[in-house]
1. What order do you get for 67-74, 126-133 when each peptide is scored by the mean count of other beta carbon atoms within 10 Å, highest first?
2. Hey, can you rank 322-333, 361-372 by average C-beta count inside 10 Å, highest first?
3. So for the range 35-275, averaging the separation of alpha carbon pairs under 8 Å that are six or more residues apart and normalising by length, what relative contact order in percent results?
4. How much length, in nm to one decimal, is gained on full extension between residue 357 and residue 157, taken as 0.36 nm per residue of separation minus their Cα-Cα distance?
5. Can you give me the distance in nm between label points at residue 127 and residue 301, each placed 7 Å from the Cα along the Cα-to-Cβ direction?
6. With r as the distance between the Cβ atoms of residue 49 and residue 107 and R0 = 51 Å, compute the FRET efficiency 1/(1 + (r/R0)^6) and round to 0.05.
7. Modelling each spin label as a point 7 Å along the Cα-to-Cβ direction, I'd like the residue 278/residue 260 distance in nm, to one decimal.
8. Taking R0 as 35 Å, what FRET efficiency do you get between residue 226 and residue 380 from their Cβ-Cβ distance, rounded to the nearest 0.05?
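Throughout, read-outs are computed from the coordinates displayed, never taken from laboratory work. As the structure is a prediction and not an experimental result, all values here were calculated from the model. Cβ placement follows ideal geometry from the backbone for every residue including glycine, while neighbour counts extend to all protein chains displayed.
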Amino acid sequence: MTVASITDGSGELRHALSQATYLDFNATAPVDERVAAEVLRYMTLEFGNAGSRTHGYGQAAKERVNQARREIAEVVEARPEEIIFTSGATESDNIAILGLAAHGEATGRKHIISTQIEHKAVLEPLEVLASRGFDVELLAPSDGGWVPAEAVAAALRPDTLLVSVMAANNETGVIQPVEEIAKVLAGHAAFFHVDAAQAFGKVVAPLQNPRLDLMAISGHKIGAPKGIGALVTRRRGFKRPPLAPLMFGGGQERGLRPGTLPVPLIAGLGTASRLALTEVDVRTDRANQIKELLLRSLLPLGATLNGDPRRTLPTTLNLSLPGVDSEAAIVALKDLAAVSNGSACTSQSYDPSHVLMAAGLPRERIDGAIRMSWGTATIDVPAEEIATRLSALVPR
């Protein structure tokens, strides 16, 4: 098997995925067994409501939620009270971007800087603000897939409200220079928002920069369940970012995100965060070994890497083969390896990748782009057989 087995309620082993090697971790990762055990505990044994203050069940739930805040905060060196639980990075991005609108309108600061390679969870809320009269400026990446800090500096204005740049791209795995951008923003009032869905728990030091005001986190990219995430809302001095809620009713999460807290999912995200931080070096070494194995097998086929290889996550590889369409490659590998040709959120669309188009790559190379991504549950990768299957598609 190529992925870890998990145990169901009867104690019998079952396999979470098919026999094909799963190489689409950037879309979602399997839940870590240790995380699953924690989630199950808070579903069946410690099932209290964290908002119930009159009995021990509620207190136990509240204590686990607070522990999870500490576990997440430690990864990014934030305060536990700066962690707001959400349903995932998409909701976190929406709260961060749309939640600043009222402040921008009240202060007359309606200029926003972002990039052309952001996830739709950022680009679409920005479109909403543009329709409301905000001046949204999207910066183009280099051909290596990253937006230089100098471009942000050149675009910065006195009325800039927000700078939003992802930590690592979901399609290419290219790590963006958020630390350098943070330096550019030193002394400027603009809020810095980072979509860290792909980087949280994999890239540590850059996300610990205190100038990152708002950070979106997704649980299911690091072995936690789907449906749970967080928004980091760092204080400046004693002031929180002036976010207005998008939903109302209940007052949970400091009035910013109401609703009964999903304690089992929160416990899972806390555990997954703790494991990611304590195991980051081992995971990174293993991920680099897998990448090197794939490169040794695929580069001789004439593969071209999409994204500066000096800047990519160790868990991601995006490449194009000469004369090979990505859909044909996916079909050829279907029973061997589960790969993709772009973001899972747009996989039902055959439109070319907006990320690769923004980088100015040729259309043939974009149409042939294949994304492979892996993680801690990846046990073995049949790199040579993958290369053999793909080699049969390369025109002679």
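1. Listed from highest to lowest mean packing, they are 67-74, 126-133.
2. Highest to lowest by the protection proxy: 361-372, 322-333.
3. RCO, the range 35-275: 28 percent.
4. Gain on stretching residue 357 to residue 157: 69.3 nm.
5. Output for this residue pair reads 3.4 nm.
6. That gives a FRET efficiency of 0.85.
7. 3.1 nm
8. For R0 = 35 Å, the calculated efficiency reads 0.85.
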